[in-house]
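> The structure that follows is given in the form of structure tokens.
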Amino acid sequence: MSMSISTKRGDEGQTDLMFGRRVSKSDLRVSTYGILDEVNAILGLARVDAVETLVLSSIAKIQKDLVLVMGELATHEEDWETYRDKGGGLVGDAMLGELDELVRVLEKERGISFQRWAVPGAAGSRAGAALDMARTVVRHAERAIVALDEAGKLPNPLLLRWVNRLSDMFWLLARLEEEHSGAPAQ
């Protein structure tokens, strides 16, 4: 039996975290995973238009990882032990290493390097422009994660490191997609 998406439980400005804890929709934690949900939606746009195989596979992997990250952020610090005991995934050294390796591949094997600031959309690549948009929204999420950390609500410091690497990786993927999109430079 399926459940309706419209539960009406949020009509008064409250929402559920993992394990049923209710918080205000203005809670910094809710805002933070909401920002990453925006990133995931933007990646969907990039994925539709991307032509470069490495870009497509990277987007697919990151979208899966973002769901894990949002689950981690949607868990109140008092419920972290329960989250871990129930098999909730955490950002760890392996996920961080995957991003570091992708950055290495993009820079060393694909020859993408920072030469100048990019102008999103100037190369005529919709996927590249969407990846640039994802990069800027990730930076917004990063600032929100720093605020969570400063408030003592971020038990996993690797999450901040992962998000920081993510924005760099999106810049590189955008440049790779622009090179391979076949769109004329504007």
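The values are calculated or read from the model by the stated rules, or taken from the named source; none is laboratory data. Please read all numbers here as calculations on a predicted model, not as lab measurements. All Cβ positions, glycine included, derive from the backbone under ideal geometry; neighbour counts span all protein chains shown.
> Being under 17 Å from LEU43 (Cα atoms) and touching a residue at least 40 places away in the same chain (Cβ under 8 Å) is the requirement here; does ALA151 meet it? Before you say what the answer is, go through the steps one by one.
Values: under 17 Å from LEU43 (Cα atoms): no; touching a residue at least 40 places away in the same chain (Cβ under 8 Å): yes.
Answer is no for this residue.
> Could you say which residue among ASP100, ASP79, ASP93 is touching a helix residue (DSSP H, G or I) at 6+ places or on another chain (Cβ under 6 Å) and either hydrophobic (A, V, I, L, M, F, W, C) or surrounded by fewer than 19 Cβ atoms within 10 Å (Cβ to Cβ) (or both)? So that I can check it myself, show each step before the final result.
Details: ASP100 fails: touching a helix residue (DSSP H, G or I) at 6+ places or on another chain (Cβ under 6 Å); ASP93 fails: touching a helix residue (DSSP H, G or I) at 6+ places or on another chain (Cβ under 6 Å).
On inspection, the qualifying residue turns out to be ASP79.
> Then there's this: For TRP171, all conditions in the list (1) surrounded by 15 or more Cβ atoms within 10 Å (Cβ to Cβ); (2) out of contact with any Leu (no Cβ under 6 Å at 6 or more places or on another chain); (3) in a loop (DSSP other than H, G, I, E, B); (4) not charged (D, E, K, R) hold save one; what is the number of the exception?
Condition (3) is where TRP171 drops out.
> Another question, if that's okay. Tell me, please, whether a residue that is out of contact with any helix residue (DSSP H, G or I) (no Cβ under 8 Å at 6 or more places or on another chain), touching a residue at least 40 places away in the same chain (Cβ under 8 Å) and either over 13 Å from TRP171 (Cα atoms) or not aliphatic (A, V, I, L, M) (or both) can be found in region 53-74.
no
> Pairs only if they're at least six apart or on different chains, beta carbon under 9 angstrom, first in region 26-51 and farther than 20 Å from THR15 by Cα, second among the acidic types (Asp, Glu) and assigned to a helix (DSSP H, G or I); list them, first residue then second.
Hits for this filter: ALA46/GLU177; ASP49/GLU177; ALA50/GLU177; VAL51/GLU177.
> Checking TYR83 against (1) hydroxyl-bearing (Ser, Thr, Tyr); (2) within 23 Å of LEU56 (Cα to Cα); (3) under 21 Å from the mean Cα position of the chain (by Cα): exactly one of these is not met. Which one?
Only one criterion is unmet by TYR83, namely (2).
> Right, something else. Given the conditions (1) under 19 Å from LEU154 (Cβ atoms); (2) at pLDDT 95 or above, which single one is not true for PHE19?
Exception for PHE19: condition (2).
> Is it true that some residue in region 53-72 is touching a Lys or Arg at 6+ places or on another chain (Cβ under 8 Å), crowded, with 17+ Cβ neighbours inside 10 Å and at pLDDT below 95?
Scanning region 53-72 turns up no residue that is touching a Lys or Arg at 6+ places or on another chain (Cβ under 8 Å), crowded, with 17+ Cβ neighbours inside 10 Å and at pLDDT below 95.
> Confirm whether GLU52 is of a type in the set (Asp, Glu) and over 17 Å from SER167 (Cα atoms).
So GLU52 passes the test.
> Provide a single number: the residues in region 115-144 that are in contact (Cβ under 8 Å) with a residue 60 or more places away in the chain, surrounded by fewer than 23 Cβ atoms within 10 Å (Cβ to Cβ) and either among the aromatic types (Phe, Trp, Tyr) or in a helix (DSSP H, G or I) (or both).
Number satisfying all stated conditions: 5.
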